[in-house]
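K.L.:
To start, I am sharing the structure in question, which I have written as structure tokens.
The values are calculated or read from the model by the stated rules, or taken from the named source; none is laboratory data. Quick caveat: nothing in here was measured; it's all calculated off a predicted structure. Methodologically, a virtual Cβ is constructed for each residue, glycine included, from the backbone with ideal geometry; neighbour enumeration extends over all protein chains shown. Surface accessibility is based on the protein's heavy atoms, side chains included, excluding ligands, DNA and RNA. Shrake-Rupley method; radii C 1.70, N 1.55, O 1.52, S 1.80 Å.
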Amino acid sequence: GALSPGSDVLVIRTVTGKPLRLSENTDAAGTSMKIETVAGGKCSDGATDKVSGFCNGSYGLVASCGGARAFQLSAAPTATLTMGAPLVSYQVFPSASSEVFPLQTIAYYIKQASSGTTTSLYRRVFSGDPAGGVEQELLEDVESLQVLYGRDTTLPEADGTVDVYSTAQNVTDWNRVVTVRMGLLIRSASPLPADTKLAASAPLNGVTVTYPADSRYDRRVFTTTVALRNK
């Protein structure tokens with residue numbers, strides 16, 4: 001059940017659900033804020049009701065035209081959301097123009113398929129609270145995920161154009177990342193005849209993936225590139 005060695009894990013954090021309004025202005029030195037409440041959904045224990053998409057320990061985002069701040073709840077949510085540290089020490093979010101969103105984390109990775117005979121692409125969604133998450137098996141016969149980051153290295157001022165693609169450990173300034181390139185190595189479901197000539201490896205986003213010596217499967221590389229429009 002462990003993650004496939006050498007394969008990347010892609011983690012995406014984003015807001016989810018409809019925005020909520022503040023019911024009154026936040027206090028610049030406060031650790032709580034009052035929101036409108038909306039019922040619906042369960043926390044990861046399957047029993048506790050979410051409050052406006054939040055559970056105890058949930059992450060969220062409050063934003064207005066003047067700025068945005070992420071936070072984590074330190075108590076069970078009610079009409080008042082309580083943070084473990086001051087929400088913000090130098091900015092008041094006005095109720096008339098601010099919105100609050102639950103934050104969602106989605107992880108994509110490769111590990112052994114439920115069939116036990118191959119590997120699959122999985123997705124685990126952490127929505128509403130940070131514990132456990134919900135795992136989904138998306139596609140069987142996926143053998144590797146490799147992610148590259150397109151960096152704008154133009155000096156002294158960035159021009160918004162990709163100059164080089166790098167792995168995560170070689171990104172020194174994440175503000176310079178303008179695209180993400182994802183690649184999947186996928187094999188056929190059934191083995192090919194023994195006399196079929198097959199390659200021994202394949203390049204996948206700068207990584208050479210070597211196939212097992214006794215592997216008789218057809219393989220293909222699929223890639224897509226996504227621009228980061230709202231960094």
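K.L.:
Give me the pairs: first residue in region 162-181 and farther than 8 Å from Y149 by Cβ, second residue in a strand (DSSP E or B), beta-carbon distance under 6 Å, and six or more apart or on different chains, which are they?
P.N.:
V162/G150; V162/V178; V162/T179; V164/R151; R176/R151; V178/G150
K.L.:
So which pairs qualify, if the first residue must be in region 140-156 and touching a residue at least 40 places away in the same chain (Cβ under 8 Å), the second must be of a type in the set (G, A, S) and open to solvent by less than 10 Å² (accessible area, probe 1.4 Å), the Cβ gap must be under 6 Å, and the two must be at least 6 apart or on different chains?
P.N.:
Correct list of pairs: E140/A113; E140/S120; V142/S120; Q146/G183.
K.L.:
Just one of (1) more than 17 Å from T16 (Cα to Cα); (2) open to solvent by 70 Å² or more (accessible area, probe 1.4 Å) trips up T37, so point out which.
P.N.:
Among (1) more than 17 Å from T16 (Cα to Cα); (2) open to solvent by 70 Å² or more (accessible area, probe 1.4 Å), the lone unmet condition for T37 is (1).
K.L.:
Within region 151-173, restricting attention to residues that are closer than 19 Å to Y108 by Cβ and of a type in the set (A, V, I, L, M, F, W, C), which residue is farthest from the chain's Cα centre (by Cα)?
P.N.:
Of everything passing the filter in region 151-173, V171 is farthest from the chain's Cα centre (by Cα).
K.L.:
Moving on to the next point. Can you tell me which residue is nearest to the chain's Cα centre (by Cα) among those in region 19-34 that are over 15 Å from T78 (Cβ atoms) and open to solvent by 40 Å² or more (accessible area, probe 1.4 Å)?
P.N.:
Taking the candidates together, the pick is P19.
K.L.:
What number goes with the only condition from (1) closer than 19 Å to L10 by Cα; (2) surrounded by 10 or more Cβ atoms within 10 Å (Cβ to Cβ) that L198 does not pass?
P.N.:
(1)
K.L.:
Go over the candidates A63, A68, A29 one by one and state the one that is in contact (Cβ under 8 Å) with a residue 40 or more places away in the chain and either within 30 Å of L139 (Cα to Cα) or not acidic (D, E) (or both).
P.N.:
Matching residue, one of A63, A68, A29: A29.
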